[in-house]
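Data first, discussion second: the structure below is written as structure tokens.
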Amino acid sequence: MFTICILNDDTVNLDDHGVLSESGIAQTNYWKNISREKGEIPLVFCITQNSTGEKSYLLGIEKKTSFLNKLTIIDGLNFYKEDPHLIEHFCTSLLLFIKNKYDSIYLQLAIQSKLNNSPSLKNLFSKHSFTHRFWQTSLLDLNLDLNQINANFTQTYRRYLKRKDSFGTTCHKIPPEKILENYYLPYHKLEKQNGRHWKLEKKIIEKHLEFDHKQRYHHYILFNKENPCLATLGFYIIDEIATEICSSSSIDCFTKNIPAQLLLHWEAIKEAKILGARYFNLAGINPNPQCKKEQGIKFFKEKFGGEIVNYDIFEKKSLKYKLVSTIFTAIKKIAMAIPFLHCSREQE
């Protein structure tokens, strides 16, 4: 019922075309450009329904190393037809096409996909040896007026917003021509201070900014007299859904009790509403936090009072992948322990 091929050109704008547009939340062109600059291989899957000729497009990122070959499908299986029989054939065709070609396959459904929480889909992937787990996001309804949106916030958040002027901060939207120097470089600096080394090179950011000809991406910083960049927050709008990206906060925000991300999010929510977005997607939440950072993210995002939405992640790892990953993890642990052992011996 379906024919699948891989396109070798850039003629299809994945953020504007076909099912991705129907599904809403997709950052596919962004990741296509980023992956290519990182030395990975972007694959555009063209899926044609034989009976109608209707085409759907999915983006896969292929990453090859000396030992392993990994495929990540970005916002995958965004097939919006509701016919379960058709959906099963669609999924089966894709799985058979990529079968045995990769040591690891990672596929995340789009948040708005009608395939989420489908028992038949889970059974189908299970038959092909995929594991399943949930991820979450919080969606704020921007069809409400600002007072209603604010009323859904927790009492603490509403109280902070009432006295936002008392924090002595200013929120500034960075113009497109200044994004690299006034947003991404400060963002990188904050991430480094927080122990997260974001390895996105300058040329990759420049490539992405070149591509954003429709100015879907919006970037903000929060500053005060003492600190030119207390925090950063960005978002992009596709199909009337705003999705946050690149948020980070300085140590000053925590030591001086400045609710920087709340203040930035409020400005972004207001701007997204003005720009015509119907929903604001607060992005990924681990429903079962594994560390303090994930606990903090879950705690922060749930207080906006949005609708908590589950979406599906399917993963398949070969025995070879598991073995190589285990070996490399052990090597990293040994490498990290060697300096400590060396210092201990010197102290003795």
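Where a number appears in this text, it was derived from the coordinates with a stated rule and is not lab data. Because the structure is predicted, anything quoted here is derived from the model rather than measured. Methodologically, a virtual Cβ is constructed for each residue, glycine included, from the backbone with ideal geometry; neighbour enumeration extends over all protein chains shown.
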HN-Hα J in Hz across the stretch 123-137 - Karplus 6.51, -1.76, 1.60, θ = phi - 60°, x for Gly and Pro: 5, 4, 5, 4, 5, 9, 6, 8, 8, 10, 8, 8, 10, 9, 9
Residues whose placed amide H lies under 5 Å from that of Asn69, excluding near-sequence neighbours: Asp103, Ser104
Under 5 Å, built H, 5+ apart or other chain: amide partners of Leu230: Leu222, Phe223, Asn224
³J(HN,Hα) computed for each position of the stretch 311-326 - Karplus, 6.51 cos²θ - 1.76 cosθ + 1.60, integer Hz, glycine/proline x: 9, 9, 10, 10, 9, 9, 10, 6, 4, 4, 4, 4, 5, 5, 4, 4
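In whole percent, what relative contact order does the stretch 138-310 give with Cα contacts below 8 Å and a gap of six or more residues? Please list the in-between numbers first.
On the way: 245 pairs, mean separation 54.9, N = 173.
Here the relative contact order equals 32 percent.
Within a 10 angstrom radius of the beta carbon, how do Ile6, Ile74 rank from fewest other beta carbons to most? Let's see the in-between values first.
Numbers: Ile6 11, Ile74 24.
Arranged by neighbour count, lowest to highest, Ile6, Ile74 become Ile6, Ile74.
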Long-range amide H partners of Asn194 with built H, under 5 Å: none
